[in-house]
Amino acid sequence: MQLITISAILTSVLLSVLAQIFLKFGMSRLVIPAEWFSWSFINVVINKYVILGLTCYGLSMVFWLYVLTRVDVSRAYPFVGLGFIGTMLFAHFFLQEPITIQKLTGTLLIVAGVVLLAR
């Protein structure tokens with residue numbers, strides 16, 4: 001795999017991780033309305049962190065589409081598993097979520113699977 005393709009894969013994964021963090025950050029500061037179609041739903045739609053998260057997802061998709069033009073999906077997709085590591089670490093450092101033995105073990109098993117599938 002070429003360096004530019006690997007870079008595009010990693011950029012896509014990173015943007016996807018950032019999207020999760022921004023969406024969680026934005027949604028955790030809102031009171032979910034009893035009626036999703038009430039006026040308070042607008043607070044979800046105009047929340048800057050939710051918008052930023054959705055933007056990151058969109059950019060992630062652009063990079064992923066580029067990757068799919070260059071590499072077999074069966075070769076590229078295992079790298080998406082790296083998002084589990086990034087999400088766990090970013091959630092720990094930015095959202096103060098604990099890293100438990102179960103999370104760490106599960107994440108390491110996913111990494112092992114990524115390594116096996118990427119060969």
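The values are calculated or read from the model by the stated rules, or taken from the named source; none is laboratory data. As the structure is a prediction and not an experimental result, all values here were calculated from the model. Cβ placement follows ideal geometry from the backbone for every residue including glycine, while neighbour counts extend to all protein chains displayed. Protein only, heavy atoms only, side chains kept; ligands, DNA and RNA dropped before computing areas. Shrake-Rupley method; radii C 1.70, N 1.55, O 1.52, S 1.80 Å.
Test of understanding: among GLY113, GLY106, GLY83, which residue is touching a Ser or Thr at 6+ places or on another chain (Cβ under 9 Å) and open to solvent by less than 70 Å² (accessible area, probe 1.4 Å)?
Working: GLY113 fails: touching a Ser or Thr at 6+ places or on another chain (Cβ under 9 Å); GLY106 fails: touching a Ser or Thr at 6+ places or on another chain (Cβ under 9 Å).
Criteria check complete, one pass: GLY83.
Enumerate the pairs (first residue in the range 5-22 and more than 19 Å from ARG70 (Cα to Cα) and open to solvent by less than 10 Å² (accessible area, probe 1.4 Å); second residue anywhere and part of a helix (DSSP H, G or I) and not acidic (Asp, Glu)) with beta-carbon separation below 6 Å, excluding pairs fewer than 6 apart on the same chain, so at least 6 apart or on different chains.
Close Cβ pairs satisfying both conditions: VAL17/GLY83; VAL17/GLY86; VAL17/THR87; VAL17/PHE90; ALA19/GLY53; ALA19/CYS56; ALA19/TYR57.
Within the bounds of the range 6-20, is there any residue that is of a type in the set (A, V, I, L, M), modelled with pLDDT under 90 and either over 13 Å from the mean Cα position of the chain (by Cα) or not in a loop (DSSP other than H, G, I, E, B) (or both)? Break it down into steps so the answer makes sense when it comes.
At the first step, the residues of the range 6-20 found to be of a type in the set (A, V, I, L, M) are 6, 8-10, 13-15, 17-19.
Those left that are additionally modelled with pLDDT under 90: none.
No, the range 6-20 contains no residue that is of a type in the set (A, V, I, L, M), modelled with pLDDT under 90 and either over 13 Å from the mean Cα position of the chain (by Cα) or not in a loop (DSSP other than H, G, I, E, B) (or both).
Name the single residue, out of those in the range 64-80 being open to solvent by less than 70 Å² (accessible area, probe 1.4 Å) and among the aliphatic types (A, V, I, L, M), that is farthest from ILE6 (Cα to Cα).
Checking each candidate, the answer is VAL80.
Do we have ARG119 as open to solvent by 60 Å² or more (accessible area, probe 1.4 Å), under 29 Å from LEU3 (Cβ atoms), modelled with pLDDT of 90 or more and charged (D, E, K, R) here? I'd like the intermediate steps shown before the answer.
Values: open to solvent by 60 Å² or more (accessible area, probe 1.4 Å): yes; under 29 Å from LEU3 (Cβ atoms): yes; modelled with pLDDT of 90 or more: no; charged (D, E, K, R): yes.
Answer is no for this residue.
Kindly establish whether ALA91 is touching an Asp or Glu at 6+ places or on another chain (Cβ under 7 Å), surrounded by 18 or more Cβ atoms within 10 Å (Cβ to Cβ) and assigned to a helix (DSSP H, G or I). Reasoning before the result, please.
Values: touching an Asp or Glu at 6+ places or on another chain (Cβ under 7 Å): yes; surrounded by 18 or more Cβ atoms within 10 Å (Cβ to Cβ): yes; assigned to a helix (DSSP H, G or I): yes.
Yes; evaluated as a whole, the condition is true for this residue.
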